[in-house]
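**Q** Next up is a structure, given as structure tokens.
The values are calculated or read from the model by the stated rules, or taken from the named source; none is laboratory data. Predicted model only: the values in this text are computed from it and were never measured. Cβ placement follows ideal geometry from the backbone for every residue including glycine, while neighbour counts extend to all protein chains displayed. Please note that ligands, DNA and RNA were not included when accessible areas were found on the heavy atoms of the full protein model with its side chains. Shrake-Rupley method; radii C 1.70, N 1.55, O 1.52, S 1.80 Å.
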Amino acid sequence: MIPIQEQIVDKLKNFSEIELQEILNFADFLLWQRRKQEVSSPREETGNSKPANMDEECEVHYVGGVLVVKASSVKTK
């Protein structure tokens, strides 16, 4: 059985540069999502997963094959 990474590399050889850029954007999105989960999963002493003074909102979607991330942080009291 061929390891999954080798299978992915073999399949990537069949894509155009534009398609490879879309694949790279998607891989970046998956890594961003993982980091966001890793950051939000540890709980503080208060039991909150977010810092006490921050409230983060984030929109993620694709537009014409391009990953668009709109994030904003609003300080709260």
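**Q** What are the pairs with Cβ atoms under 9 angstrom where one residue, in segment 20-37, is over 14 Å from His61 (Cα atoms) and the other, located anywhere, is of a type in the set (A, V, I, L, M, F, W, C) and open to solvent by 80 Å² or more (accessible area, probe 1.4 Å)? Sequence gap at least six, or different chains.
**A** So the pair list comes out as Ile23/Phe15.
So that you can scan it fast, the table gives a plain yes or no per residue for (1) at positive phi; (2) outside any loop (DSSP other than H, G, I, E, B); (3) over 12 Å from the mean Cα position of the chain (by Cα):
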{"residue": "Gln5", "(1), (2), (3)": "no, yes, yes"}
{"residue": "Ile8", "(1), (2), (3)": "no, yes, yes"}
{"residue": "Lys11", "(1), (2), (3)": "no, yes, yes"}
{"residue": "Asn14", "(1), (2), (3)": "no, no, yes"}
{"residue": "Leu20", "(1), (2), (3)": "no, yes, yes"}
{"residue": "Ile23", "(1), (2), (3)": "no, yes, yes"}
{"residue": "Leu30", "(1), (2), (3)": "no, yes, no"}
{"residue": "Gln37", "(1), (2), (3)": "no, yes, no"}
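**Q** Anything in segment 42-64 that is more than 15 Å from the chain's Cα centre (by Cα) and modelled with pLDDT of 65 or more? List them, or say none.
**A** Those that are more than 15 Å from the chain's Cα centre (by Cα) and modelled with pLDDT of 65 or more: Val63, Gly64.
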